[in-house]
1. Any residue in region 221-233 that is in contact with a strand residue (DSSP E or B) (Cβ under 6 Å, 6 or more places away or on another chain) and β-branched (V, I, T)?
2. Being farther than 14 Å from H187 by Cα and of a type in the set (K, R) is the filter; apply it to region 60-87 and report the residue that is surrounded by the fewest Cβ atoms within 10 Å (Cβ to Cβ).
3. Quick one: how many residues across region 197-240 are more than 16 Å from V146 (Cβ to Cβ), small (G, A, S) and in contact (Cβ under 8 Å) with a residue 12 or more places away in the chain?
4. Say we look at region 237-262 and pick out the residues that are under 19 Å from P162 (Cβ atoms) and aromatic (F, W, Y); which of these is surrounded by the most Cβ atoms within 10 Å (Cβ to Cβ)?
5. Which of (1) surrounded by 12 or more Cβ atoms within 10 Å (Cβ to Cβ); (2) on the phi > 0 side of the Ramachandran plot does G36 not meet, given it meets every other one?
6. Given (1) of a type in the set (D, E, K, R); (2) touching a residue at least 24 places away in the same chain (Cβ under 8 Å); (3) within 29 Å of R129 (Cα to Cα), identify the lone condition not met by K254.
7. Given the structure, is N201 modelled with pLDDT of 95 or more, under 21 Å from V267 (Cα atoms) and polar (S, T, N, Q)?
8. Listed residues N113, N130, N139, N122; which is of a type in the set (S, T, N, Q) and closer than 20 Å to G233 by Cα?
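The values are calculated or read from the model by the stated rules, or taken from the named source; none is laboratory data. These figures come from a predicted structure and were not determined experimentally. So basically every Cβ, Gly included, is an ideal-geometry build from the backbone, and we count neighbours across all protein chains shown.
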Amino acid sequence: YRLACSAALLRELDALVARHPSTMSLEGIQADASDGYKAEIRVVTVADSVQASSFDDRVRIFLNFGQHGRELITSEVALRLLRILSREDKSASKKHIDRILSRAVFKIVPMENVNGRQTVENGSLCERRNGRGVDTNRNWKVNWGVKEKDYDPTEEFPGTAPFSEPETRILRDIALRFKPHLWVNVHSGMQALFMPYDHKNATPGYQAAARMSFLLQTLNALHCNGNCTVGSGGGAVGYFAHGTATDYMYDVLKVPSAFTFEIYGDVHANRDDCFRMFNP
């Protein structure tokens, strides 16, 4: 599978949105840190009419891709999804897409960690952190800074404080404005469908857990042939992750359904072969 470099992928993204001005809009959001570190994140809105004054009557879906630099395939999936929603990709019928967009509005971040992605493209194929060495999926203010016995700062450095990173603040602020009903953080490295929590071996209360579990089990049957790991991140992945986006979305922002999807992983790859481990 040939993966596009980040610059080419983002150019293609810009062109795709420009071809569909009534149903897609693109915003580039910038933020910086006190030491001068800067980040810019593109966010695409998809709706049957992006000029609508309000989306209060729609199901609001927030999808995030490319949080870890080495997980290149996730941004490719984001672009493919946008092509489908634009109706250029005919994998789904126009009638089906029309029906979805009559009921839902999407905010899609195709590549959260642009700076980290560029580090990978410059040869550091195992890098997951942002452009200054922070794992942005450990930088959220929920159980932040807790370190397990196997903590590795080259993998999981959480930053100097919650929301120290521009990328994390941008996503938080999008969520605060958009108030999503559904959040999905898309990763690679294994094949799994996770609900909260990441930082402990527990799931949300019974009704919420049952609702989310039903959805994940349905997706597992439809798209994983029953082979995806399903459960809470902390209970099913084999380690606890502290300060994650999905836990924050669920616990703090009260997003009713919050998930982490792991869409690809090569279990036979050598531990040092990160490209093969995380990408087809």
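1. Yes: region 221-233 contains one or more residues that are in contact with a strand residue (DSSP E or B) (Cβ under 6 Å, 6 or more places away or on another chain) and β-branched (V, I, T).
2. Of all residues in region 60-87, those farther than 14 Å from H187 by Cα come to 60-62, 79-87.
Going one step further and asking which of them are of a type in the set (K, R), we end up with 60, 80, 83, 87.
Numbers: R60: 19, R80: 12, R83: 16, R87: 16.
If we take residues in region 60-87 being farther than 14 Å from H187 by Cα and of a type in the set (K, R), then R80 is surrounded by the fewest Cβ atoms within 10 Å (Cβ to Cβ).
3. Residues flagged as more than 16 Å from V146 (Cβ to Cβ), small (G, A, S) and in contact (Cβ under 8 Å) with a residue 12 or more places away in the chain within region 197-240 amount to 7.
4. Across region 237-262, the extreme among qualifying residues is Y248.
5. Exception for G36: condition (1).
6. (2)
7. Values: modelled with pLDDT of 95 or more: yes; under 21 Å from V267 (Cα atoms): no; polar (S, T, N, Q): yes.
For N201, the condition - modelled with pLDDT of 95 or more, under 21 Å from V267 (Cα atoms) and polar (S, T, N, Q) - is not met.
8. Values: N113 fails: closer than 20 Å to G233 by Cα; N130 fails: closer than 20 Å to G233 by Cα; N122 fails: closer than 20 Å to G233 by Cα.
Result: N139 is the single residue among N113, N130, N139, N122 that is of a type in the set (S, T, N, Q) and closer than 20 Å to G233 by Cα.
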